[in-house]
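Asker: Have a look at the structure that comes next, please.
All of the numbers you see were taken from the coordinates with simple rules; none came from a lab. For clarity, every value in this text was computed on a predicted model and none was experimentally measured. Don't worry about glycine lacking a Cβ; one is built from the backbone with ideal geometry, like all the others, and counts go over all protein chains shown.
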Amino acid sequence: MSRLAFLAALAFAALAVPAHAQRTIALHARTAGELADLCTTSPHQPAGEAKINYCHGFAQGMVDVEQMHGMRFCFPPGTSRDSTLAEFARWVGAQPQRRSANAATGLTQFLTERYPCH
């Protein structure tokens, strides 16, 4: 796992399981495909909310780390996290080789392509 992915996952690991949950689940997003799968989970599926929270936390952690190191992407006003992550999942699905990319690398590549700084 890259340092960037580790920091993002660590920063938001607490979001992965709701406080009222009676059992813990282990969520991992090593690849862009795994992250895209988490991002597109229905909240009505078993552990669905936890998976979505993990996806959002991972993405926010990535953005926070990128901000510390100089952003390679720029979000326009009104950009929605939900719609951006849905686009990310479609982007991953559009080319099967993207599924095997590192999760942090894949998300950063998507954000850089989708939201370039001008």
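Asker: Determine the sum of side-chain charges near residue 33: Lys and Arg each +1, Asp and Glu each -1, restricted to other residues whose C-beta is under 13 angstrom from that of residue 33.
Answerer: +2
Asker: Further question: Would you please give the residues with an amide H less than 5 Å from that of residue 31, counting only those at least 5 places away or on a separate chain, with H modeled from the backbone geometry?
Answerer: 103
Asker: For residue 69 and residue 95, calculate 0.36 nm times their separation in residues minus their Cα-Cα distance, and state this gained length in nm to one decimal. Kindly include the intermediate steps, with their values, before the conclusion.
Answerer: On the way: separation 26, 0.36 × 26 = 9.36 nm, distance 2.84 nm.
Full extension from residue 69 to residue 95 adds 6.5 nm.
Asker: Please state the relative contact order of region 55-118 as a whole percent: Cα pairs under 8 Å, 6+ residues apart? Before the final figure, lay out each step's value.
Answerer: Working: 29 pairs, mean separation 32.5, N = 64.
The value is 51 percent.
Asker: Only counting other Cβ atoms within 10 Å, I'd like 69, 118 sorted with the fewest neighbours first.
Answerer: Ordered by Cβ neighbours within 10 Å, fewest first: 118, 69.
Asker: Let me ask something else. Let me check I've understood the local charge: for residue 79, count other residues with C-beta under 15 angstrom from its C-beta, Lys and Arg +1, Asp and Glu -1. What total comes out?
Answerer: -2
Asker: Please order 58, 73, 88 by the number of other Cβ within 10 Å, starting at the fewest. The partial results should precede the final answer.
Answerer: Working: 58 27, 73 16, 88 24.
Ascending number of Cβ neighbours within 10 Å: 73, 88, 58.
Asker: Pairs of alpha-carbon atoms within less than 8 angstrom and 6+ residues apart define the contacts here; what relative contact order does region 35-88 have, in percent?
Answerer: 37 percent
Asker: Kindly state, to the nearest 0.05, the FRET efficiency for residue 118 paired with residue 28, given R0 = 35 Å and r defined as their beta-carbon distance.
Answerer: 0.50
Asker: Determine, for 27, 38, the number of other Cβ atoms within 10 Å of each Cβ, and report the residues in order from fewest to most.
Answerer: Numbers: 27 20, 38 25.
Ordered from fewest to most neighbouring Cβ atoms within 10 Å, 27, 38 come out as 27, 38.
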